[in-house]
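No value in this document is a laboratory result; all are computed from the given coordinates. Note that the coordinates shown come from a computational prediction; the quantities given were computed from them, not determined experimentally. Because the Cβ atoms are built from the backbone with ideal geometry, glycine has one as well, and the counts that use them run over all protein chains shown.
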Amino acid sequence: MDFGLTQEQEMIVETTRSFVENELYPHEAEVERTGHLDIDLVREIQKKAIAAGLYAANIPEEFGGAGLDTPTWLLYEKELGRANYALHWTCVARPSNILCAGTPEQRARYLEPCVAGEKWDCLAMTEPGAGSDLRGMKASAKQDGSDWVLNGTKHFISHADIADFTIAFMATGEEETPRGKKKLITAFFVDKGTPGYAVRDGYRNVSHRGYTNAVLEFDNCRVPAENILGEVHKGFEVANTWLGATRLQVGATCLGRADRAFRHSVEWAATREQFGQPIGKFQGVSFKLADMAMEMKAAELMILEAGWKFDRGEASDADMAMAKLKATEMLAMVADEAIQIHGGMGLMDELPLERIWRDARIERIWEGTSEIQRHIISRALLRPFGA
Ligand SMILES: Cc1cc2nc3c(=O)[nH]c(=O)nc-3n(C[C@H](O)[C@H](O)[C@H](O)COP(=O)(O)OP(=O)(O)OC[C@H]3O[C@@H](n4cnc5c(N)ncnc54)[C@H](O)[C@@H]3O)c2cc1C
C-alpha cells in the first residue's frame, strides 16, 4: 500500500493551491461583504483557470477534461475547497459528471460548452415536499406525442440563476413493488428560456455568500423526447451511476477549508500570549490542536481511500457515506475549535474563520444529510442479518 503522492499529484496540488491563493483569495473579502459575484470578474478568472488547465478537470479527457483519476481529482477539490465556494465553483467550474451520460448530440450541446466555459449546468431534484425522500417528488412529466410536458416546483437549486440549462428529475409513472407503489423518475434537459420554465429567486442562506439557490417552476413546459437524459423511468439509475462520487467531492472541499482554519489556529496558538506565555502552552488549547490534526488526517484518509476504491469499482454506498459524514462533521468541529482558539478575533471578518464556520453548516445537509449517511451505513451493517 502506497500512501505517497506521485510527482504528477504533487504538481496538481501545487498548481491548484497557487491558483487559489493568487486568483481567488484576493476577491473573497469583496464577495463576502457584498454577497455578490461580478460576472466580469468571473469571466476574467475563468479564462485564467482554462489557460492553467484547471477548468472542468473532473471530466474525462475524451470529453475535453483533464481526466484525473478519482484520488487525484479529490486532491484538486481539496485545494479549491480552501476558497469561497461561489468563487471556486463558478470561476473554476466542475460540470456535473452526469453530462457524460448523454448521447453524442446531448454531449455536444450541453457537456462540451460546459467544459469550454461557455455554459453552466444545474441539477434539480429537491422539492418543497421531497428532500431526503426524493421518490416522494410531485413534479411530473407526461408524454404528449413525441414531446413531454413538465409541471411542478423544485427548490434549493444551486446556481440555477446563472445556469444555461437544468437537468430536472420528474416523476413519470409508478410501479408496484413488494413494499408498495414506487415512483418512476426520468431526467430531462431543460434549457433556460424554454416556455413554461421559470427560475425564481431562492432563499438567502447562512452559508456560501455570493452563491445562490433558486426555485424552479415548470408550468406546462414542453420538451422533445431527445431531451431525456438516459432512459425513460431510469433517472435515478443514471444519477446513481454518474453522481456517485459527488459526496466525496463535498468531503474533499471540506478538507481544504479545515486545513486553512487549522493553519491559522496553530500560528495563533504559537504567537498569541496570555498570562505571560503563548496560549498553545496551555493544554486547554494544545489538546484542541491535537484533536483537530487527528480528525483531519482521519477524514483525508477516508476520502482518498473511498476515491481509490471508487476507481476499482469496489466502493460501497457505505464507504462513500462514511467518508462524506466524517469529512463534513470534522469540518464542523475544526471550524468551531478554530474560533475558540482565536477567542473574539475568531468571530471577526478580518480572518476567514467566521466564514469557514458559517460555510461548514451546509455540508452536513446537502448531498444527503448526516442522518441519511448514518442510515446508509447502518443498513449495510444490519441488512445481512435480515434486520
Ligand atoms: C443551500 C442548498 C443548496 C442545495 N442545492 C441543491 C441542488 O442544487 N439540487 C437539488 O436537487 N437539491 C439541492 N439541495 C437540497 C438538499 O440536497 C436537501 O436540502 C437535502 O437532501 C435535505 O432535504 P430537506 O432539506 O428537504 O430536509 P428533509 O429531508 O426534510 O430532512 C429534515 C430532517 O429530517 C431528517 N431525516 C429525513 N429523513 C430521515 C430518515 N430516513 N432517517 C433519519 N433522519 C431523517 C434529515 O436528516 C433532517 O435532519 C440544496 C439544499 C441547500 C440547503
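Only lysines eight or more places from K138 in sequence, or on another chain, were considered; those with a Cα closer than 27 Å are K154, K181, K182, K183, K192, K234.
I want to make sure I understand the PRE zone here: with the label point 7 angstrom from the Cα of A29 toward its beta carbon, which residues in segment 263-281 have backbone N atoms less than 18 Å away? Residues 264 fall inside that zone. Computed about the Cα centre, the dipole magnitude for segment 51-196 is approximately 480 debye when only Lys and Arg (+1) and Asp and Glu (-1) carry charge, each at its Cβ. Converting phi to 3J(HN,Hα) with the Karplus coefficients 6.51, -1.76 and 1.60 and the offset θ = phi - 60°, segment 276-287 yields x, 8, x, 4, x, 6, 7, 4, x, 9, 5, 5 Hz in sequence order, with x at every glycine or proline.
Each label point was placed 7 Å from the Cα along the Cα-to-Cβ direction; for R263 and D317 their separation is 3.8 nm. What lysines sit close enough to K324 to cross-link, taking a C-alpha to C-alpha distance under 21 Å and skipping anything fewer than 8 places away on the same chain? Candidates past the 8-residue exclusion: K78, K297, K309. Rounded to the nearest 10 degrees, the inclination of helix 246-271 to the longest alpha-carbon principal axis of the chain is 20 degrees. Residues whose amide H lies under 5 Å from that of A315, counting only those 5 or more places away or on a different chain, are F310; hydrogens are built 1.01 Å from N in the peptide plane.
Across every pair of non-identical alpha carbons in segment 1-126, the mean reciprocal distance, once inverted, gives a Kirkwood radius of 15.3 Å.
Distance from the alpha carbon centroid of segment 300-338 to that of segment 348-387 works out to 10 angstrom. Computed from the C-beta positions of E10 and A270, the FRET efficiency with R₀ = 35 Å rounds to 0.85. For segment 7-96, the dipole from Cβ point charges (+1 on Lys and Arg, -1 on Asp and Glu) about the Cα centre works out to 180 debye, to the nearest 20. For segment 46-155, GluC sites (Glu not before Pro) meeting the loop criterion (DSSP other than H, G, I, E, B) and having at most 15 other Cβ atoms within 10 Å: E118. Toward the positive end of the charge dipole of segment 93-212, with +1 on the Cβ of Lys and Arg and -1 on the Cβ of Asp and Glu, the farthest Cα among L150, V206, Q106 is that of V206.
Note on the chain: with a GNM built from Cα contacts shorter than 10 Å, the maximum mean-square fluctuation among F19, F275, F310 falls on F275.
A full extension of the chain between M345 and D164 corresponds to an added length of 61.1 nm, given 0.36 nm per residue minus the alpha carbon distance.
The stretch between L301 and R358 holds 18.1 nm of extra length on full extension. This uses 0.36 nm per residue minus the Cα-Cα distance.
For segment 69-190, DSSP calls about 75 percent of its internal beta bridges antiparallel. Rounded to whole numbers, the Karplus 3J(HN,Hα) couplings from phi for segment 228-242 are 6, 9, x, 9, 4, 6, 10, x, 6, 5, 5, 5, 5, 5, 9 Hz, using 6.51 cos²θ - 1.76 cosθ + 1.60 with θ = phi - 60°, and x at Gly and Pro. Near the amide H of R222, within less than 5 Å, lie the amide hydrogens of L150, all on another chain or at least 5 residues away, with H placed in the peptide plane. What residue among D147, D40, D191 has the largest mean-square fluctuation in a Gaussian network model of the chain, using Cα springs under 10 Å? Top of the fluctuation ranking is D40. Each of D133 and R43 was given a label point 7 Å from its Cα along the Cα-to-Cβ line. The distance between the two points is 4.7 nm.
What the Cα atoms of the chain give is an Rg and a Dmax of 21.7, 81 Å. Along segment 288-302 the Karplus relation, 6.51 cos²θ - 1.76 cosθ + 1.60 evaluated at θ = phi - 60°, assigns HN-Hα couplings of 4, 4, 4, 5, 4, 4, 5, 5, 5, 5, 4, 5, 5, 4, 5 Hz to successive residues, with x for each Gly and Pro.
Among beta bridges identified by DSSP and lying wholly in the chain, the antiparallel ones come to about 85 percent. Multiplying the residue separation of L184 and E105 by 0.36 nm and subtracting their alpha-carbon distance yields 25.9 nm. Amide H contacts under 5 Å for G173: L184, restricted to partners 5 or more places along the chain or on a different chain, H placed in the peptide plane at 1.01 Å from N.
Counting only the Cα atoms, segment 243-385 fills a convex hull of 107 Å³ per residue. When the alpha carbon gyration tensor of segment 121-234 is reduced to an equivalent ellipsoid, its three semi-axes come out at 24, 18, 11 angstrom, largest first.
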